[in-house]
Amino acid sequence: MSGARPKLEWRNVTKRFGDVTVLDRLTLSVETGRSMVIIGGSGQGKSVMIKLALGLVAPDGGRVVLDGRGLPGFGGRLQRRLLARSGVLFQSAALFDSLTVWENVAFRLINADGVSRKAARRRALDALARVRLEEAVADVFPSELSGGMQKRVGLARAIAADPEVLFFDEPTTGLDPVTAAVINDLIVDQVRRLGCTAVSITHDLASARRIGDEIAMLHEGQIVWQGAPGELDQTSNPHVRAFVAG
Amino acid sequence: MAPAAALTPVRAVGRLTLLCLQTLGAVTLFALRSLRAILLGPWFPGQILRQLAAIGFFSLPVVGLTAVFTGAALALNIYTGGGRFNAEQIMPQIVALGITRELGPVLAALMLAGRVSATIAAEIGAMRTTEQIDAMRTLSTDPFGYLVAPRIVAAVIALPILTVVADIIGIGGGWAVAVGFLDFNPTVYIRATVDFVQAGDVGTGLLKAMVFGLIVALMGCYHGYRATGGARGVGRATTNAVVSAAILIFASDYLLTTLFTRR
């Protein structure tokens, strides 16, 4: 731990779905400018952590804190501020299938930031170039692209408005190893270029090692281990050892 | 066991009552959030125009065809009924009244319930199950403003216009049958219709159409927005949207007709 100011914190957060407690007084903080990767098995609540931070679901206990101030839930001014300064790459890319690629990338610029369509298209093409996609794909619909290209468009959409916080939900799931490595490299490049804070969740260890400055392991609703990627193989924590050993 | 068994029907009624109240509450909250988005914005005029075309313009053929056949069949039925007490000549007036006050708005709304409620529920449901709605929120855009409000506004504007079209074509269907098969004088038929129909008859139908437009879009959006569970969930949302819209159209039609009937 460097002792730097935390950008985003989950403080004693509890989340239940029916009788199932998914997160149990979970506490984790991500320092400004750092890339935190949360690993864990399927169904452990990794996606829920991101959704809580984005206000897409409300916590049953505790709170999520941005820049030292508690997020009041979706609709609040602080929540809107976080959303305005954040970018998200969804597991399924979640591209709008009724819009072309460039309209997807420029969606926030046109509909929330009031940028003209002409200027937004220019910025969208720039964002597409940053994820190494050619201008030719700008006018096609997402359904015409491969899974890897859809992920790149999702990444371009996440970075188009130069966010301060980036969230990546299973960025390499469903991709072949070569394409996954390309996506990992693009994520690292863009996080460094923007100098932003990044929170990623994955169960892909190769991806976690590549994109994380720090890794946290989520198990049964709590963070059971936290350390640098290099410490993953040295730790005696049984949950991490079992996860690494597969 | 006997007292527990005796309570089973009570429990079932209780459960049903709670479910009804829960659904009513959820629909009311959804409608209030939609109203807030409609009144306070941000507004998306491009989306409203797109929905006006999808809901209004592209529904013209189905509404027109339904109206022409219904008008023609209505004319034949009234001719048969009127003939039983030598009152065939009243046919133009009854056709006009039936179409403008009742069948024009109700049939247009039912066609829209089948065509538009289903489409809206499927579109929004698919967006919900593929995280597109979550993505929209993370892109600082309120889905109620971008997806729900434009559809409701477009349906409330489009259905009265479609009703006017249905009124004209429906009356035209009755006229065609009367002139073609029943030896009515074309000019006399039109004169009888124009002289009889009052602005209030058409106005009643248009007011109903606005309420039906709200129901059609609201049910499509509500069920689509709450869709869960992939393709099966989207299918269920589509069915629920059409069925609930149709039932609410009939129920509100009765209530509105009661309101507009002078005794």
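What follows is calculated from the coordinates using simple rules that are stated; it is not laboratory data. Nothing here was measured: the structure is a model prediction, and the numbers come from that model. All Cβ positions, even for glycine, are placed from backbone atoms using ideal geometry, and neighbour counts span all protein chains on display.
With each label modelled as a point 7 angstrom along the Cα→C-beta vector, the B:Gln93-A:Thr235 pair spans 8.7 nm.
Computed over the alpha-carbon pairs of chain B, the distance histogram in 10 Å steps reads 7, 25, 28, 19, 13, 7, 1, 0 percent, short to long. For the segment B:141-154, counting C-beta atoms of other chains within 10 Å of every residue's C-beta and taking the mean gives 1.
For the protein assembly as shown, what is the percent of antiparallel DSSP beta bridges, rounded to the nearest 5? Working shown, then result.
Values: 20 of 38 bridges.
So the antiparallel bridges amount to about 55 percent of the total.
Hey, which lysines would be in cross-link range of A:Lys51, C-alpha to C-alpha under 24 Å, not counting anything within fewer than 8 residues on its own chain? Straight-line reach from A:Lys51, under 24 Å: A:Lys7, A:Lys15, A:Lys151.
Rounded to the nearest 5, the antiparallel percentage of DSSP beta bridges internal to the stretch A:6-245 is 55%. The stretch B:1-55 and the stretch A:37-59 have Cα centres lying 28 Å from one another.
Backbone N atoms of the stretch A:32-73 closer than 20 Å to the 7 Å Cα→Cβ label point of A:Glu220 belong to residues A:39-49. Among all helices in chain B defined by DSSP H, which have a length of 24 Å or more along the axis from Cα atoms plus a Kyte-Doolittle mean of at least 0.0? Span-like helices here: B:2-40, B:60-83, B:149-181, B:199-225, B:230-260. Put a dot 7 Å past the Cα of B:Thr228, heading toward its Cβ, do the same for A:Asn12, and the two dots end up 2.9 nm apart. From the alpha carbon centroid of the stretch A:171-191 to that of the stretch A:133-155 is 15 Å.
How big is D, in µm² s⁻¹, for the stretch A:120-234 by Stokes-Einstein at 4 °C and 1.567 mPa s if Rh is the Kirkwood radius over C-alpha pairs?
Rounded to a whole number, D works out at 86 µm²/s.
I need to check one value: relative contact order of chain B, counting alpha carbon pairs closer than 8 Å and at least 6 residues apart, in percent.
RCO, chain B: 30 percent.
The mean sequence separation of alpha-carbon pairs under 8 Å and at least six residues apart, normalised by the residue count of chain A, gives a relative contact order of 26 percent.
By the count of other C-beta atoms within 10 Å, a proxy for reagent exposure, A:Asp169, B:Asp142, B:Asp253 are ordered fewest to most as B:Asp253, B:Asp142, A:Asp169. The long axis of helix A:147-159 is offset from the longest Cα principal axis of chain A by roughly 90 degrees. Taking a point 7 Å out from the Cα of B:Leu49 in the direction of its Cβ, the residues of the stretch B:116-150 whose backbone N falls within less than 16 Å of it are B:150.
For a Förster distance of 51 Å, can you work out the FRET efficiency between the beta-carbons of A:Ala228 and A:Asp19, rounded to the nearest 0.05? The formula returns an efficiency of 0.90 here. Compared with the dominant Cα axis of chain A, that is its longest principal axis, helix A:177-194 is turned about 90°. Taking each DSSP H run with n ≥ 4 as -39500 (n - 2.57) and averaging over every residue of chain A yields -10500 deg cm²/dmol at 222 nm.
Counted over the stretch A:8-144 with a bin width of 10 Å, the fraction of Cα pairs per bin, in whole percents, is 11, 33, 29, 22, 5, 0. Here the calculated FRET efficiency for A:Asp126 and B:Leu182, from their Cβ-Cβ distance with R0 = 60 Å, stands at 0.25, rounded to the nearest 0.05. Write out the chymotrypsin sites (Phe, Trp or Tyr not before Pro) in the stretch B:53-87 meeting two conditions: DSSP loop, and at most 11 other Cβ atoms within 10 Å of their Cβ. Passing both the DSSP loop test and the Cβ count: B:Phe85. Our Cα-only numbers for the protein assembly as shown put the radius of gyration and Dmax at 29.1, 101 Å.
What FRET efficiency do you get for B:Leu29 and A:Leu99 if R0 is 41 Å and r is their Cβ-Cβ distance, rounded to the nearest 0.05?
Details: r = 29 Å, r/R0 = 0.70.
Approximately 0.90, to the nearest 0.05.
Going by how many other beta carbons lie within 10 Å of each one, how would you line up B:Thr138, B:Thr80, fewest first?
Values: B:Thr138 24, B:Thr80 11.
In order of increasing Cβ crowding within 10 Å: B:Thr80, B:Thr138.
Hey, what did the stretch B:160-263 get for relative contact order, percent, Cα under 8 Å, at least 6 apart? It would help to have the intermediate numbers written out before the result.
Details: 48 pairs, mean separation 25.9, N = 104.
RCO, the stretch B:160-263: 25 percent.
For the options A:Ala120, A:Ala129, A:Ala160, a Gaussian network treatment of chain A with springs between C-alpha atoms closer than 10 Å singles out A:Ala129 as fluctuating the most. For B:Leu18 and B:Arg36, the difference between the fully extended length at 0.36 nm per residue and the C-alpha to C-alpha distance is 3.8 nm.
Take the Cα gyration tensor of chain A, multiply each eigenvalue by 5, square-root it, and list the three semi-axes largest first, rounded to whole angstrom. Kindly include the intermediate steps, with their values, before the conclusion.
Values: eigenvalues 174, 90, 52 Å².
Over the Cα atoms of chain A, the semi-axes work out to 29, 21, 16 Å.
For the stretch B:174-230, taking the reciprocal of the average inverse distance between every pair of different Cα atoms yields a Kirkwood hydrodynamic radius of 14.9 Å. Length available on full extension from B:Val243 to B:Ile190: 0.36 nm per residue minus the Cα-Cα distance, which gives 15.4 nm. Taking other C-beta atoms within 10 Å as the exposure proxy, B:Ile90, B:Ile215 rank B:Ile90, B:Ile215 from fewest upward.
Quick one: among B:Gly71, B:Gly200, B:Gly213, which has the greatest mean-square fluctuation in a GNM of chain B with alpha-carbon springs under 10 angstrom? Fluctuation is largest for B:Gly200.
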